[in-house]
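So the structure is just underneath, and the comments pick up after that.
The values are calculated or read from the model by the stated rules, or taken from the named source; none is laboratory data. Please read all numbers here as calculations on a predicted model, not as lab measurements. Ideal geometry is used to build each Cβ from the backbone, glycine not excepted, and the neighbour counts take in all protein chains shown.
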Amino acid sequence: MSLVDRAKAKKIIGKWRADHKIIVFTNGCFDIIHRGHIEYLRKAKLLGDVLIVGLNSDASVRRIKGEPRPYQSEQDRAAISDAMEMVDLVVIFDEDTPFDLICELKPDVLVKGGDYDHRSIVGAKEVESWGGHVIIIPFLKGYGTSKLVEKILER
């Protein structure tokens, strides 16, 4: 669909809810897209009708990952995420965690990757409090942004 701000996202979600769509949310930096990301997002989309990607802003990525990240600007990362067939909506957030965004958008399903356990997932309690579900999707072994960057630098 498109990259939107929070206010527009809430309006779109309101329409989806009126149509009884199951709303899935995930988040991340999605700095250098690789097969692991694609497989993860495909599996996330299968958990509902629409998939929202909360994308960390450039400032947020720098605080979390350190320099020289992000490798690509938030606008470039958003355009790439938005171009993926399984992604219905992209919302950039500037906080270090998507907690506020999750509470604003109130997804039916919150999805995180296999490096998380249920207790450490930001927003999990809140999603479950309104009847939603939290799903952990295992990582595809051998794929990761850091591994890909190391491989590129070695060559």
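Looking across region 1-14, the residues that are crowded, with 16+ Cβ neighbours inside 10 Å and at pLDDT 95 or above come down to Ala9, Ile12, Ile13. For region 95-102, state whether one or more residues are touching a His at 6+ places or on another chain (Cβ under 9 Å) and not aromatic (Phe, Trp, Tyr). Looking for residues that are touching a His at 6+ places or on another chain (Cβ under 9 Å) and not aromatic (Phe, Trp, Tyr), one finds none in region 95-102, hence no. Evaluated against (1) under 18 Å from Asp115 (Cβ atoms); (2) more than 12 Å from the chain's Cα centre (by Cα), Asn27 falls short on exactly one condition, (2). Residues in region 62-93 that are among the basic types (Lys, Arg) and without any contact (Cβ under 8 Å) to a residue 12 or more places away in the chain: Arg62 alone.
Where in region 83-155 are the strands (runs of 3 or more DSSP E), entirely inside, with at least 1 residues that are at pLDDT below 95 and not β-branched (Val, Ile, Thr)?
On the way: elements: 89-93, 109-113, 133-137.
Per the criteria, 109-113.
Taken over region 65-74, the residue count meeting the criterion of being exposed (fewer than 13 other Cβ atoms within 10 Å of the Cβ) and either part of a helix (DSSP H, G or I) or of a type in the set (Asp, Glu) (or both) is 1.
In a helix (DSSP H, G or I), in contact with a Pro (Cβ under 8 Å, 6 or more places away or on another chain) and either among the charged types (D, E, K, R) or under 25 Å from Asp19 (Cα atoms) (or both): does that describe Arg62? Yes: the conditions hold for Arg62. Within region 53-79, being among the β-branched types (Val, Ile, Thr) and modelled with pLDDT of 95 or more holds for Val53, Val61. Looking only at residues of region 15-36 that are in contact with a helix residue (DSSP H, G or I) (Cβ under 8 Å, 6 or more places away or on another chain) and closer than 10 Å to Asp108 by Cβ, we find that the one that is surrounded by the most Cβ atoms within 10 Å (Cβ to Cβ) is Phe25.
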